[in-house]
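Here is the structure we will look at.
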Amino acid sequence: NLYKKNNKLKESIEAYKKAISLDSKIFITHNNLGIAYKIIGMFDEAKSCFKETIKLKPEFYFAYRNLGQLIKWNKNDENLHRLKKIYAGMKNNDDLKRELAFTLAKASEDIHDYKSAYSYFSQGNYITKIKLNYTIGEDKKKFKMIEKIFDKKLLNKYKKYDYINENK
């Protein structure tokens, strides 16, 4: 991961391949290799890695999302049906549920079920909003502070330097 973080993707790929040659059962290594391949545009290799990740650890939902970004889902995909069942049974609004929501949103869009896509996107965004602890009130407070700082007096002070010209 250090190679990948430092944008040394070829070295990253080699390190992941070496790790897989030492122990091919570590699912996260396959997923990380897939991400590195995806970044450099080697999509077929990336898909293979994500499929292997899913085979090794079917409950690692991030791999479905990674794979879903590279494929066009179809109605009869067994993974799609499995993910819908899993999602329906999830109670918590956590990262895994968010990942599944966005995965299912993209899949629903691919199969032209736009109503479901909208619903899943909305649910994924809602979970994201909760995790970020976002409220519109905080943004309103920030904008009020900006208005106080950049009042007419300040703007008029710099008008002579032509930074602010209302006629432009």
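The values are calculated or read from the model by the stated rules, or taken from the named source; none is laboratory data. Computed from a prediction, not measured in an experiment: that's the story for all the values here. Here the Cβ positions follow ideal geometry from the backbone for every residue, glycine too, while neighbour counts run over all protein chains shown. Each accessible area value is taken on the protein alone, full model and side chains, heavy atoms only, with ligands, DNA and RNA left out. Shrake-Rupley method; radii C 1.70, N 1.55, O 1.52, S 1.80 Å.
Just a few scattered comments:
- For the chain, accessible area per residue (1.4 Å probe, heavy atoms of protein chains only), Å²: 70
- What the phi angles of segment 35-41 give under the Karplus curve with 6.51, -1.76 and 1.60, with θ = phi - 60°, is a coupling list of 4, 4, 4, 4, 4, 8, x Hz, glycine and proline written as x.
- Average Cα contact separation per residue, the chain, under 8 Å, 6 or more apart, as relative contact order %: 12
- Set of lysines with alpha-carbon distance to Lys91 below 29 Å, sequence-local pairs under 8 removed: Lys51, Lys55, Lys57, Lys72, Lys75, Lys106, Lys115, Lys129, Lys131
- Portion, in percent, of the accessible area of the chain that falls on carbon or sulfur, probe 1.4 Å: 55
- About its Cα centre, the dipole of the chain is roughly 720 debye, where the only charges are +1 on Lys and Arg Cβ and -1 on Asp and Glu Cβ.
- Among the GluC sites (Glu not before Pro) found in segment 40-128, those both in a DSSP coil and sparsely packed, with 11 or fewer other Cβ atoms within 10 Å of their Cβ, are Glu59.
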